[in-house]
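**Q** Here it is: the structure, laid out below.
The values are calculated or read from the model by the stated rules, or taken from the named source; none is laboratory data. These numbers were taken from a predicted model, which means no experiment stands behind them. Cβ placement follows ideal geometry from the backbone for every residue including glycine, while neighbour counts extend to all protein chains displayed. To get the accessible areas, we keep the full protein, side chains included, count just its heavy atoms, and leave off ligands, DNA and RNA. Shrake-Rupley method; radii C 1.70, N 1.55, O 1.52, S 1.80 Å.
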Amino acid sequence: KLILLDSLLQEMLARSLLAVGRRGMVCTRGMVSNLNTTAATTTEQDLIVEYLEEENHGIVVFGINRPKAMNALSKALVINLTSAIDAVKFDKSVRVLILRSHAKGAFCAGADLKERAKMTPAEVGPFVAKGRDVIGAWDKLPMPVIAAIDGVAMGGGLEMALACDLRVASSDSRLGLTETRLGIIPGGGGTQRLPRVVGVAKARELIYTARVLNGKQAEDIGLVNHCVDQNDAGDAAYQRSLELAKEILPNGPIGVAMAKVAINRGSEVDLASGLGFEEAAYAQVIPTKDRIEALMAFKEKRKPVFRGE
């Protein structure tokens, strides 16, 4: 069942989606919520947010859906992504988020250059700033975010994937930071995140040459965690990402969130400071009910039931 959230979005966000209830009106099993914050109702929604249920409960999927523009980041899409991110940010029942494409052959082609060409110089700055915020928002979310790259991921599209915790690419995907071809540089975090993922020397080479890699080449240098052969449906990377998400689901959500904090913060500083972040993150899990539940489950020889408390 599909619903358009043009008129309901503000009410839903005010209730933080939690009060509405996942298994109630909004997020029952199999329901997909389309976000469109523009004033005019369109027949094609550029972002589809799906809350999975049953054995996949706890997984949320953000699906970009601009096939005619290869999922390029437009003003409306940036607004929709911001709203969707805000909606899940404090939702404790969301344990894993997958960012995928509903446009076959394209993950995200970066900025919508046709739209940008029509902007005045005064409009470009604020739009780029908002786009940069959205691109970098994924590593600030408490839950792991997996980028399912089925197809083209160029410029801001790859920068968005770099901000995710894990990346899975299909064999026919194309990945690259190609901004130098346009006389500019990656402006959504690419010059900072790419070196942290593949190393400084390799990042320099890729950015200076504007080289485009396929999925296997990206896997070989550690740009993506996995490369999978594409299937007829064109969603092989999403299917592999779903498998990864299912592996994460049984684990303690607070522990996973604190591990993300420790890794993200620790990777930016020296080892001694990083160990300090780890110690601080560990201190957050000690008083949790989930930790006690894990100990009791071990003692009783059963699987723990974590509630994120």
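**Q** Output the residue which, of all residues in the range 196-225 that are acidic (D, E) and surrounded by fewer than 16 Cβ atoms within 10 Å (Cβ to Cβ), is farthest from the chain's Cα centre (by Cα). Give the steps one after another, and end with the answer.
**A** Here is the first cut: in the range 196-225, the ones acidic (D, E) are 205, 219-220.
Now drop any that are not surrounded by fewer than 16 Cβ atoms within 10 Å (Cβ to Cβ), which leaves 205, 220.
Details: E205: 26, D220: 22 Å.
So, considering only residues that are acidic (D, E) and surrounded by fewer than 16 Cβ atoms within 10 Å (Cβ to Cβ), the one farthest from the chain's Cα centre (by Cα) is E205.
**Q** For the range 1-97, give me every one of the strands (runs of 3 or more DSSP E) that falls completely inside it and has 3 or more residues that are modelled with pLDDT of 95 or more and among the charged types (D, E, K, R).
**A** Qualifying strands (runs of 3 or more DSSP E): none found.
**Q** Please note which helices (runs of 4 or more DSSP H) are completely contained in the range 252-309 and include at least 3 residues that are open to solvent by 40 Å² or more (accessible area, probe 1.4 Å), under 30 Å from L162 (Cα atoms) and among the small types (G, A, S).
**A** 271-285
**Q** The conditions are (1) at pLDDT below 90; (2) open to solvent by 10 Å² or more (accessible area, probe 1.4 Å), and G110 fails exactly one of them. Which is it?
**A** (2)
**Q** Same structure, new question: Answer yes or no: is there a residue in the range 118-136 that is open to solvent by less than 10 Å² (accessible area, probe 1.4 Å), modelled with pLDDT of 95 or more and out of contact with any His (no Cβ under 9 Å at 6 or more places or on another chain).
**A** The answer is no, given that none of the residues of the range 118-136 is open to solvent by less than 10 Å² (accessible area, probe 1.4 Å), modelled with pLDDT of 95 or more and out of contact with any His (no Cβ under 9 Å at 6 or more places or on another chain).
**Q** Output yes when any residue across the range 98-106 is touching a Leu at 6+ places or on another chain (Cβ under 7 Å) and among the polar types (S, T, N, Q), and no when none is.
**A** no
**Q** When you scan the range 106-123, do you find a residue that is over 23 Å from E50 (Cβ atoms), among the charged types (D, E, K, R), part of a loop (DSSP other than H, G, I, E, B) and without any contact (Cβ under 8 Å) to a residue 60 or more places away in the chain, even just one?
**A** Yes, the range 106-123 has at least one match.
**Q** While we're here: I'm told E247 meets every condition in (1) surrounded by 18 or more Cβ atoms within 10 Å (Cβ to Cβ); (2) assigned to a helix (DSSP H, G or I) except one. Can you identify the failing condition by its number?
**A** For E247, the failing item is (1).
**Q** In the range 162-195, how many are assigned to a strand (DSSP E or B) and open to solvent by 30 Å² or more (accessible area, probe 1.4 Å)? Can you show your working first?
**A** Initially, the range 162-195 is screened for residues assigned to a strand (DSSP E or B), giving 166-170, 174-176.
Remaining after also requiring open to solvent by 30 Å² or more (accessible area, probe 1.4 Å): 166, 174.
Here the count works out to 2.
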